[in-house]
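Have a look at the structure below, then the notes.
FYI, it's all coordinate maths here, none of it is from the lab. Worth saying up front: this structure is predicted, and the values here are computed from it rather than measured.
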Amino acid sequence: MEPQDKKETIKHEFVIDDGRIESLQEFLSPEQLYNDLIVRVRKYHPSDDISLIEKAYNVANEAHKDQMRKSGEPYIIHPLYVAIILADLEMDKETIVAGILHDVVEDTIMTYDEIAEMFGTDVANLVDGVTKLGRLEFAGGDKLEEQAENLRKMFLAMAKDIRVIMIKLADRLHNMRTLKHMRPEKQQEKARETLDIYAPIAQRLGISKIKVELDDLSLKYLEPDVYYDLVDKIAIKKNEREAYVQSIVDEVSEHIHNAGIKAEIDGRVKHFFSIYKKMKNQGKSLDQIYDLFAVRIIVDNVKDCYAALGVIHEIYKPIPGRFKDYIAMPKDNMYQSLHTTLIGSTGQPFEIQIRTYEMHKTAEYGIAAHWKYKEVSDGKKSAGGEEEKLAWLRQILEWQKESDNNREFMHLLKSDLDLFSDSVYCFTPTGEVKHLPAGSNTIDFAYSIHSAVGNRMVGAKVNGKLVSLDYVINNGDVVQIITSNNATGPSRDWLTMAKSTLAKNKINQWFKNEFKEENIVKGKDLLLAYCKAKGIQLSDLTKPAYTEFVMRKYGFHSWDALLAAVGHGGLKEGQIINKMWELYEKDHKKTPTDEEVLETVAETAEKKVFRKPKGGIVVEGVDDVAVRFGKCCSPIPGDDILGFVTRGRGVSIHRVDCVNVINLPEEDKARLIEAQWQQGGDASNANAKYLAEIIIYAYNRNGLLADVAKALTEKDIDIVSLSTKTSKKGISSMQTSFEIASKDELDRIIAKIMTVESVVDVERTSS
């Protein structure tokens, strides 16, 4: 059964809301989609001039006329769906126009200037911003620097105009809806990227309508078995649950009405990813999760919210500790509601959410509900003070300025800005609310106010009482930081005491700035000492090409900043020198002679590895014979093979290029017979593994063995053995064996190893 994509009406106008933007069916014509777009725009802008939207459609349709999507549809379908999603979020006309045009600069011959001339600079800037984001490649952990730089660009684009990311989110949502038309590996990659980057940003912007669907679609492709199992299990008791919610709604409606409160009451269904997360984090089965549905009460004003809460608590018994007032204490993403968990008449717990219509709109559409652009005399747009809704974005931009190290910046994002982590809220003595990561102490609190407060901190009071600096803050604590102008700055012990990466970063920043000159000198001395120990001239390595490369690699903007990082211990001198030495060697590369290579091969010890016989071999003219694989050449599926009839031990299988086979005495060659890999194979051999041995030749350097091992483990390879020797010429030969399924897999592994720096060659063992 398919998951609920549409609102389903139950008796008495009661609806179950799945929290998603309504999805249109696939394979609609461009004309149908355009008409649907205009209908949606007219709903919230009945008198708005749509001529600009019509013009954008005609221009984009012409620009994309010869392009097709993976699904076989005309490409114009995609920008129209993006525009429809933006219209569902009730975005302004310029954003919708930019949504229609968002791919024309990247995928067609149209330019920024042409768009500016036809649609104005506002639309052109939006298209340009989305185009630049479209070029981002969110790579894995091995390219952390690139990822950090790309994220910096994304946040800067958001700061310039939040509508850029709105278009990008709509673009990603439609791509995720049509992900089934892509290759499986691409599906996995896009789903992971969506879950790690785009869904958290949608949550930070408070756009649950997009966030919910991105989460569920990511789960569908990352954990398909889990996803469809949830769909099936939830569908089984769907009617029973809805009947239960209906009975609660009927009961609540009656009491709310009798209290004279005007309210709209409906149900909310928990989305699949949220259920999956709860089951995983709490180790519960689906039957143990009671809040699959919640009852939602929407009223006219805040006063009625609390009045409705009083009525509810009078009817049902609330569960202690499960009441949350997000009206008085809004979440960082602007979300406001009253949440209370109650015991129903059957003894089953359920949740009720109470909010105003304004709060409901913010909960659904987030920043899109607030960011209303107004025309001003010069034709530009201004955001009516809504910048305050994006305090977290200002914080990120502040981090960007403070941190000249990409790794530090990524650390900050993945810890303090982890959208799925718990947080605590506390107060300053003036009543200002501070949100901190769970487990934070007074040091974290001080630095969350300002760097200067943290640096001058000498003590702290919580709820009027003196506490130690490592006091863990609880929800609702009033924290006062005691400062002194005579304070000498943070202690290095604070680095271990602080829990938030923000505080740690600011403490490190203080030490860096305070002792910058000293650290630069110390860093240079450490580099010189390392070079001396290795017999290297530092002056040979400090060429602009080499220094600029390592500055880029480690995210520094000057050589002095990098030296300072080495001086205070943020970077190891070996990391810097070894990288520059590799670059130097590439520029002064010596081609090894045949004699040197032969010498290396001669030094490689022969490995004797026990291997189990495997099936999957067809031997010409022989039936039901014992087959074993030659240890000398380790054949694997895909290799050209032949059999050797042994004396009393069945048939031994070898590669045709095996040295032992080539050098067979003439009288033994008559015992060679044809053999081949069984096509298809039976079930018993479907998952068979075969031992492969390779020798890796590389210029020796620090970290070489670790990098090779990493390349193998990244391909999910279990290493059976690994040995290494280095010749007098500085060439390292590493002999390793591991189990794989086929020659194709081995080729992929070899290709991966060849990307490791300083690796010269990889070859199979043949004797």
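Could you tell me which of rounded, prolate or oblate describes the stretch 61-104, using a ≥ b ≥ c as the square roots of the eigenvalues of the alpha-carbon gyration tensor, with rounded for a/c under 1.5 and, failing that, prolate when a/b is larger than b/c and oblate otherwise?
In terms of gyration-tensor shape, oblate.
Classify the stretch 232-367 from the C-alpha gyration tensor, please: rounded if a/c falls under 1.5, else prolate or oblate depending on whether a/b exceeds b/c.
Note, shape of the stretch 232-367 comes out oblate.
Cα-based count: Lys pairs in the stretch 690-764 below 20 Å, eight or more positions apart or different chains?
On the way: K710/K725; K710/K752; K715/K743; K715/K752; K743/K752.
Within the stretch 690-764, the lysine pair count is 5.
Please tell me which of these pairs span more than 27 angstrom C-alpha to C-alpha: K237/K284; K579/K689; K280/K553?
Violating the 27 Å limit, Cα to Cα: K579/K689; K280/K553.
How much of the calculated P(r) for the stretch 690-764 lies past 18 Å, in percent of all Cα pairs?
Working: 836 of 2775 pairs.
Above the 18 Å cut-off, the stretch 690-764 has 30 percent of its Cα pairs.
With the cut-off at 1.5 for a/c, could you classify the stretch 634-675 from its C-alpha gyration tensor as rounded, prolate or oblate?
Details: a/c = 2.03, a/b = 1.31, b/c = 1.55.
Cα axes put the stretch 634-675 in the oblate bin.
Which entries of K43/K209; K168/K331; K534/K572 show an alpha-carbon separation above 20 angstrom in the structure shown?
Among K43/K209; K168/K331; K534/K572, the Cα-Cα distance tops 20 Å for K168/K331.
Among bridges DSSP assigns within the stretch 232-367, what percent are antiparallel (round to 5)?
Restricted to the stretch 232-367, the bridges split so that about 75 percent are antiparallel.
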